[in-house]
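Trainee: Quick one: this structure, given as structure tokens, is what I'll be asking you about.
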Amino acid sequence: MIRDLEIILGITGSIAAYKGVILARELVRQGANVHVVMTANAKEFITPLTFQTVTGNPVTSEMFELLTGSEIGHISLADRARITVVAPATGNILGKVANGLADDFLSTMIMATKVPVLFAPAMNTVMWSSPAVQSNVRRLVAAGYNFMDPESGELACGVMGQGKMADPMRIIEKIKAVLTPNDMEGEHVLVTAGPTVEHIDPVRFVSNHSSGKMGYALALSAIRRGAKVTLVSGPTLLSPPVGATTINVGSAEEMANAVLEVAPTASVIIKAAAVADWRPTARAAAKIKKAESGVPPLELEETRDILKTLGERKPEGQTLVGFAAETNNIEENAKIKMVSKKLDIIVANDVTRKDAGFHADTNAVKVMTSDDKHIGIPLMEKEKVADRVLDAIVKYRRRMKAAKHS
Ligand code: CTP
């Protein structure tokens, strides 16, 4: 999503300017073309050469240095970019933009741009909570400017409180959200992800290869599109998506309890988790000792089919989406699951492919809807697959609403 994006990164005079370097580096790593604009005060904290080296582009700071031919520097740069990010943003730049002042390159460029602007403020707690800064922030929000609010913690001046510039990875997530249309606003999306673990004894368990990546990508994508997201996750190595309510579970039974509690308030449920179909009939309270028991018999019983239960209880207007992990007869098997579990949509996954399915960062799926639309999603990053799956869900819900009203 960041790949090939033209981004203007404004750096203002704060000690957090060094975090601007981390942000620039990560944006470049993700494939963006980053143009840094520094204020005079920013150059007291860090040199333009650092940003030039990291981004591979010249750094701009002087008001009149970019006049080439008929192009006016601040306007041509502002027009080319998809977004302007000011990180760190001081109280001074917020005050200038809120009050229509343009006395240097950065403030002039912000005034001259039509692209979205995202501020990530960084300042001392007292400054951040001051009436002047807070009223400027309110005014800027009302005017359509975007904010990544500062975090709380120990500030560079030694004080504890809110004022630290948001973590660069969170700012990147916010950039993606700002650039994504809010077509899921008002929806409550419940996503399940990852494997479940079914214990044999306190140290041994039965599980599967699910990494959780597909479910987490779906949760993130839904957040970016403006949805409220609840993620019910089995054990994974992934960080919880910022902006989601994450409920961590272990076994299929724990997942069932969490999902069935949240489900009545969800408008969309996406079951990307690889739920264990069977669990040991008994869980030993203490570790089974090899010398005492030899090879123990492993007797299994079926777990509750969460998706099937959801299908049976589905309230009107809820869209239920299942995943089908298949190794053969993929479409036929997936369709049987869609009908038998009363789903609206099924996402069929060939888990024998090395470049798709469980552990891969990429996936290739087929989305099938109950009104008989088939959408093939070729091999791409799971983040993009998630976007396409959500496109299909949004369109399906629009079709259902239109059909209801006709
Ligand atoms: N699922 C579930 N509860 C279970 C088993 C599966 O909610 N106990 C859900 C999965 O989250 C997925 C869908 O059902 O969305 C299909 O899972 P899959 O393992 O492909 O199919 P199964 O129904 O278990 O059938 P089979 O294993 O025989 O293919």
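The values are calculated or read from the model by the stated rules, or taken from the named source; none is laboratory data. Predicted, not measured: the structure shown is a model, and the values here were computed from it. Positions of Cβ are backbone-derived with ideal geometry, glycine not excepted, and every protein chain shown enters the neighbour counts.
Trainee: Name, by its number, the condition in (1) surrounded by 19 or more Cβ atoms within 10 Å (Cβ to Cβ); (2) on the phi < 0 side of the Ramachandran plot that does not hold for Gly163.
Mentor: Against the list (1) surrounded by 19 or more Cβ atoms within 10 Å (Cβ to Cβ); (2) on the phi < 0 side of the Ramachandran plot, Gly163 comes up short only on (2).
Trainee: Is region 371-383 home to any residue that is small (Gly, Ala, Ser) and within 16 Å of the ligand (Cβ to nearest atom)?
Mentor: Scanning region 371-383 turns up no residue that is small (Gly, Ala, Ser) and within 16 Å of the ligand (Cβ to nearest atom).
Trainee: Under 6 Å by Cβ, and 6 or more places apart or on different chains, what pairs join a residue from region 136-157 that is among the hydroxyl-bearing types (Ser, Thr, Tyr) with one that is surrounded by 12 or more Cβ atoms within 10 Å (Cβ to Cβ)?
Mentor: Final answer for the pair search is Tyr145/Val117; Ser152/Gln162.
Trainee: Taking the options Thr281, Thr327, name whichever one is under 19 Å from Phe205 (Cβ atoms) and among the polar types (S, T, N, Q).
Mentor: Thr281
Trainee: So which helices (runs of 4 or more DSSP H) are wholly in region 1-113 and hold at least 1 residues that are hydroxyl-bearing (Ser, Thr, Tyr), modelled with pLDDT of 95 or more and out of contact with any Lys or Arg (no Cβ under 9 Å at 6 or more places or on another chain)?
Mentor: Of the helices (runs of 4 or more DSSP H) lying wholly inside region 1-113, those with at least 1 residues that are hydroxyl-bearing (Ser, Thr, Tyr), modelled with pLDDT of 95 or more and out of contact with any Lys or Arg (no Cβ under 9 Å at 6 or more places or on another chain) span 17-29, 48-55.
Trainee: Filter region 338-363 down to the residues that are within 16 Å of the ligand (Cβ to nearest atom), over 24 Å from Arg399 (Cα atoms) and within 23 Å of the chain's Cα centre (by Cα) and list them by number. Step through it out loud before you land on a result.
Mentor: So the first thing to find is which residues in region 338-363 are within 16 Å of the ligand (Cβ to nearest atom), and the list is 338-353, 356-358, 363.
In the following step, the residues that additionally are over 24 Å from Arg399 (Cα atoms) were identified as 349-353, 356-358, 363.
Once the filter is applied, which keeps residues that are within 16 Å of the ligand (Cβ to nearest atom), over 24 Å from Arg399 (Cα atoms) and within 23 Å of the chain's Cα centre (by Cα), region 338-363 yields Asn349, Ala356, Gly357, Phe358, Asn363.
Trainee: In addition: Looking only at residues in region 160-182 that are in a loop (DSSP other than H, G, I, E, B) and in contact with an Asp or Glu (Cβ under 9 Å, 6 or more places away or on another chain), which one is nearest to Pro235 (Cα to Cα)?
Mentor: Result: Asp167.
Trainee: Tally the residues that are near the ligand (Cβ under 10 Å from one of its atoms), in a loop (DSSP other than H, G, I, E, B) and buried (at least 18 other Cβ atoms within 10 Å of the Cβ), restricting the search to region 298-328.
Mentor: Qualifying residue count for the region: 1.
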